[in-house]
Amino acid sequence: MAKNLSLEEQAKEDGRSVILVSKDALVRVKADAIGLQAEDFLSDRVVDVDHIYSGFLELYIGKDHLQRFYDKGELVLADIADHPFYPNQFIIMKDAFGSSASAIGIVDQNGKKVKKLIFHHEHIWGIRPRNVQQTMAFELLMRDDIPLVTLIGKAGTGKTLLALAAGLMQTEDLRTYKKLLVARPIVPMGKDLGFLPGEKEEKLRPWMQPIFDNLEYLFNTKKPGELDAILAGMSSIEVEALTYIRGRSLPEQFIIIDEAQNLTKHEVKTILTRVGEKSKIILMGDPEQIDHPYLDEYNNGLTYVVEKFKDQKIAGHIRLVKGERSALAQLAADLL
């Protein structure tokens, strides 16, 4: 900081202004305290968090178009709107004249037509979608022609539960994939992994507990140790810290990356380039809850992937908006 002040004084003598650019918020605060102008590094921002692609939109159309959609099961997008659509984007069509008539469709992978959404699974590993966005998420999670799915939502919207249920069904029941791999980054808010006691599995348990909590719900376990016994007998399920999957090739796997908002652009690129043939990867998280000291809702890896892949036919995205955990959890996510 002293060196920066010296440079500022020298620049003033030359008639120039000095601006300190830093990703470190504490450095910017210190600079402001001593009168040195400081700014965040802006060029790595993807988009304002309020304008992140949601994966769905509401569209008001004429009653005749709605009837044609009911009859034919599809509409040419150019006939109902003049703005661009993205492959695998969901359209909630409503009557422009105020009746209760509505329909849900999905844009085809060429981005030219919207087709009727036909969900073939009423339950996924015992889980029934509770709202329209969860139904959309299940559609993306269950399609093997969409190898990249991103889910964004606040705590309690069901991201982890939906992804795990879809992964279990496609590995254990449908046998679409050989293995279900679940990983999350270790971003310490207290002691780092190396300071925790025990072997690798014992060290990982606190970090991975949200995953195990959802697995206990899906397997309906009641007794302590029951889930561990089930997982020990199922070689097709692997729960790992993200650190331990780097450098691996991951073919024919259903891969879930939780808390992806704590990944940098470089890290998320490294992960995606590990995905092998016939694999599917799910990136999910909440850009408003970031623990990484140099990331924010504008420049994290999850937001970056959502925006960069929204026009690609092999990718799909949904923002889950309604909390289903409890009224308290929803209120806390909104207010705090």
Qualifying position, being on the phi < 0 side of the Ramachandran plot, surrounded by 17 or more Cβ atoms within 10 Å (Cβ to Cβ), modelled with pLDDT under 95 and in contact with a strand residue (DSSP E or B) (Cβ under 7 Å, 6 or more places away or on another chain), among Ile80, Ile106, Ile91 = Ile80
Failed criterion for Leu295 (all others in (1) more than 28 Å from Ser236 (Cα to Cα); (2) at pLDDT 95 or above; (3) not β-branched (Val, Ile, Thr) hold) = (2)
Please give the number of the condition Val29 fails out of (1) touching a Phe, Trp or Tyr at 6+ places or on another chain (Cβ under 7 Å); (2) among the β-branched types (Val, Ile, Thr); (3) modelled with pLDDT under 95.
-> (1)
Would it be correct to say that Gly55 is in contact with a His (Cβ under 8 Å, 6 or more places away or on another chain), at pLDDT 95 or above and not charged (D, E, K, R)?
-> yes
Take the stretch 68-77 and flag every residue that is loosely packed, with under 13 Cβ neighbours inside 10 Å and farther than 25 Å from Ile314 by Cα.
-> Tyr70, Asp71, Lys72
Here, strands (runs of 3 or more DSSP E) confined to the stretch 66-154 with at least 1 residues that are closer than 16 Å to Phe56 by Cα and of a type in the set (D, E, K, R) are 90-95, 113-116
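The values are calculated or read from the model by the stated rules, or taken from the named source; none is laboratory data. Values in this document were obtained by computation on a predicted structure and should not be read as measured data. Glycine gets a Cβ as well: all are built from the backbone with ideal geometry, and neighbour counts include every protein chain shown.
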